[in-house]
Amino acid sequence: MSASAKPTTAARIALLVSYAALVLWRLPHAIWPGRLWGEEGAIYFREAYLHAPLHVLFSSNLGYYSLLNKLAALAAAHAVPLEHAPVATMLFALAMQLLPAVLLLFSVIPALPTQAHRAAAVALVLFIQPNQEVWLNTINSQYFLCVATGIVLISSPASRPAHALRLALLVLAGLTGIVSALLLPLFLGDWWHDRKRHRAQEIAVLGLAGIVQATVVLAGEGRAVQPVWTLLPLALAGKQWVLPLFGYDAFNAFIDFLRPRPLLTRFPQILWMSFPYVFCAVGAFRQRNRTAGRLLAASLGVALISLMVSLPAQHVDSFGYSCITATADGRYYYAPNVFLGLSLLAMLAPFRNQPTALDRSFRAAIALLVLLLLATGLANFRHDGGWSHGPSWPAEVRAWREGRNDTLALWPPPWRLDLRPNPPDPE
């Protein structure tokens, strides 16, 4: 690899600035005048607005603990006027969306040795589909924190200050939702192989945060989990492969093809849907590519556990809402799809030995998949998925202050925010 191919500081900064500009350009209304998104407003902001900070920090919501949401809501409720509260939460969400790009550009990642590899990795984080539901809101920032945690897994800190910042990131990620803690077994496996000191410290920090999270989850009412195993392969095949590789129309065609063919949607007949994972796993094993293997395991593991929690309410005979609708429950697929894309990209690292014809063919197939992920993501970057329109927050605040409304409308409809300490029970 030539020196010119190595990522320079100036190139890294230029890529980060470009990434941030595209994040902001995609959804201007979320920047100004801003929006509060679902539970972000109706639960977290309401709690921060009505209660003391200590009460907010030592309470749990939605069956788990979410430190980021609490910090953002406290800032929005107490540091700025009510009219600008959504701007405060947006800035927290923007910081979380920048974290994966910062880690990819400034960490030591041997699997991404060149400037082109780093640029492609950042592009995957930016464009991978589906991502509309997670865009610039703190309630879904846990998935960007999960991606950042996965990047910590495949990288090393460039300096001691960077190591300290990575540890702080793992604390925040582990205490914000449960998805980041799902990667802890992969951290343990990596430490067992290399016994690196910085990895042991990362495991300790993420493990402690995970224990706190698990305590909160077990102490709460939780959610009844009865995995719908027959739906999992369909969800994975459609949302992890068809949609990000070929787009929303292809996903709809995929579902339309399967709908009248029930035998193709039942286990074990749908084992053919596991072929892409087997193909990638065999390739990573043949390359002795531990980075690609860990990312593939992260992708499948996070997707499976997330879906087992989200799918129990779905009905097998109707395929389940999140399976048959391209934009439904996209938050559950974003982080796994990023890990999948990064796994494929890691398989494009330079060969260690003289490649065979089979190696070159495999690499060509992987390169095509990466290009399809990027092309489809770019083509659908402005795909709103029903999430790009909502009520005007300043207008809602004016109506509320003037007594014309008891509640404030949030994104997406029909979410509303009630700031009365003791709201009446709905009729």
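The values are calculated or read from the model by the stated rules, or taken from the named source; none is laboratory data. Here the structure is a predicted model, which means the values were calculated and not measured. Positions of Cβ are generated from backbone atoms using ideal geometry, with glycine treated the same way; all protein chains shown enter the neighbour counts. Quick note on the areas: whole protein, heavy atoms, side chains included, nothing else; ligands and nucleic acids left out. Shrake-Rupley method; radii C 1.70, N 1.55, O 1.52, S 1.80 Å.
Relative to the longest principal axis of the Cα atoms of the chain, helix 142-153 runs at roughly 30 degrees.
Based solely on its DSSP helices, what 222 nm [θ] is calculated for the chain when runs of n ≥ 4 H residues each add -39,500 (n - 2.57) and the sum is averaged over all residues, nearest 500 deg cm²/dmol?
Value at 222 nm, helices only: -18000 deg cm²/dmol.
Taking trypsin sites (Lys or Arg not before Pro) in DSSP loop states with no more than 16 other Cβ atoms inside 10 Å as exposed sites, the chain has its longest site-free stretch at 1-194.
Among Val302, Val122, Val102, the largest mean-square fluctuation in a Gaussian network model of the chain (Cα springs under 10 Å) belongs to Val102. With an 8 Å cut-off on Cα pairs and a minimum separation of 6 or more residues, tell me the relative contact order of the chain in percent. 22 percent.
The mean sequence separation of alpha-carbon pairs under 8 Å and at least six residues apart, normalised by the residue count of the range 332-427, gives a relative contact order of 17 percent.
Can you tell me how much longer the chain between Glu402 and Asn252 gets when fully stretched, taken as 0.36 nm per residue apart minus their C-alpha distance, in nm with one decimal?
Working: separation 150, 0.36 × 150 = 54.00 nm, distance 4.57 nm.
Stretched fully, the Glu402-Asn252 segment lengthens by 49.4 nm.
Working from the alpha-carbon coordinates of the range 99-254, get Rg over Rh, Rh being the Kirkwood radius. Taking Rh as the inverse mean 1/r over Cα pairs, Rg/Rh reads 1.00.
Which residue, Trp25, Trp272, Trp37, has the most motion in a Gaussian network model of the chain that connects Cα atoms within less than 10 Å? Of Trp25, Trp272, Trp37, the most mobile in the Gaussian network model is Trp272.
Please give the net charge around Gln142, taking every other residue with its beta carbon less than 13 angstrom from that of Gln142, where Lys and Arg add +1 and Asp and Glu add -1.
On the way: positive: Lys70, Arg331; negative: Glu39, Glu40, Glu133.
Residues near Gln142 contribute -1 overall.
A crude spin-label estimate for the pair Trp192 and Ala168, with each label 7 Å from Cα along the Cβ direction, gives 3.3 nm. Inter-part distance, the range 79-110 to the range 383-418, computed on C-alpha centroids, equals 23 Å. Surface calculation, 1.4 Å probe, protein heavy atoms: Phe254 sits at approximately 30 Å² accessible. Note that the range 22-171 shows a convex hull volume over its alpha carbon atoms of 119 Å³ per residue.
With a simple spin-label model that places each label point 7 Å from the Cα along the Cα-to-Cβ direction, the separation between Val80 and Ala20 comes to 1.6 nm. Legend: calculated FRET efficiency, Gln354 to Val212, from the Cβ-Cβ distance at R0 = 51 Å, rounded to 0.05, equals 0.55.
Per residue, the chain exposes 45 Å² of solvent-accessible protein surface, assessed with a 1.4 angstrom probe and all protein chains in place.
Can you figure out the FRET efficiency of His55 with Asn422, using R₀ = 25 Å and their beta-carbon distance, to the nearest 0.05? Present the calculation step by step, with values, prior to reporting the outcome.
Numbers: r = 16 Å, r/R0 = 0.64.
Working from the Cβ atoms, E equals 0.95.
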